[in-house]
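J.: Please see the structure below; I have some questions.
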């Protein structure tokens, strides 16, 4: 029995991943797992893409896409452990604001990097 849970996440968020970030739509799964534990994002990325490519992410993602993914993950929302500490220190409202600002900044930086790579590819 399948529930198609991943399709319910991947397809609606494809304009973000594919359109703004220039990444394959399935990358959203790795980004979501990155909220649980940052180091899991790369492992999930490997499971999603590299196992079918003989263990080489370079055959699935370009160096520019790997850079955008790494940039987004580095600035993306803190993991749940950090979020719990933020809530304890600053309260729920401030922690939610910090998380939303972090996600917005990560998407903005990833989008700028993606468009810069596209611009320089045209030159």
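The values are calculated or read from the model by the stated rules, or taken from the named source; none is laboratory data. All figures in this text were calculated on a predicted structure; none of them were measured in a lab. Backbone-built Cβ (ideal geometry, glycine too); neighbour counts: all protein chains shown.
J.: Which one is farthest from the chain's Cα centre (by Cα), of the residues in the range 1-49 that are surrounded by fewer than 18 Cβ atoms within 10 Å (Cβ to Cβ) and touching a residue at least 60 places away in the same chain (Cβ under 8 Å)?
T.: Taking the candidates together, the pick is 20.
J.: Based on this model, can you work out whether residue 91 counts as over 11 Å from the mean Cα position of the chain (by Cα) and at positive phi?
T.: Working: over 11 Å from the mean Cα position of the chain (by Cα): yes; at positive phi: yes.
For residue 91, the condition - over 11 Å from the mean Cα position of the chain (by Cα) and at positive phi - is met.
J.: Still on this structure: Taking the condition of being part of a helix (DSSP H, G or I) and over 11 Å from residue 72 (Cβ atoms), how many residues in the range 90-111 meet it?
T.: 12
J.: Looking at the range 10-23, which of its residues are in contact with a helix residue (DSSP H, G or I) (Cβ under 7 Å, 6 or more places away or on another chain) and over 17 Å from residue 106 (Cβ atoms)?
T.: Across the range 10-23, the qualifying residue is only 10.
J.: Restricting to the range 50-60, and then to whatever is surrounded by 14 or more Cβ atoms within 10 Å (Cβ to Cβ) and not in a loop (DSSP other than H, G, I, E, B), can you tell me which residue is modelled with the lowest pLDDT?
T.: Taking the candidates together, the pick is 50.
J.: What are the residues in the range 61-78 that are modelled with pLDDT of 85 or more, surrounded by 16 or more Cβ atoms within 10 Å (Cβ to Cβ) and not in a helix (DSSP H, G or I), if any?
T.: Hits for the range 61-78 are 61, 76.
J.: Okay, next question. Got at least one residue in the range 64-77 being free of Cβ contacts under 8 Å to residues at least 12 places away in the same chain and more than 30 Å from residue 120 (Cβ to Cβ)?
T.: No: zero hits.
J.: Mind counting the residues in the range 1-23 that are assigned to a loop (DSSP other than H, G, I, E, B) and at pLDDT 85 or above? Please lay out each step first, then the result.
T.: The first filter runs over the range 1-23 and keeps only residues assigned to a loop (DSSP other than H, G, I, E, B), leaving 1-4, 11-13, 21-23.
Still in the list and also at pLDDT 85 or above: 11-13, 21-23.
Summing the residues that are assigned to a loop (DSSP other than H, G, I, E, B) and at pLDDT 85 or above in the range 1-23 gives 6.
J.: Now, a different point. Are any residues in the range 90-120 without any contact (Cβ under 8 Å) to a residue 40 or more places away in the chain and touching a helix residue (DSSP H, G or I) at 6+ places or on another chain (Cβ under 8 Å), and if so, which ones?
T.: Of everything in the range 90-120, those that are without any contact (Cβ under 8 Å) to a residue 40 or more places away in the chain and touching a helix residue (DSSP H, G or I) at 6+ places or on another chain (Cβ under 8 Å) turn out to be 90, 94, 95, 98, 99, 102, 105, 106, 109.
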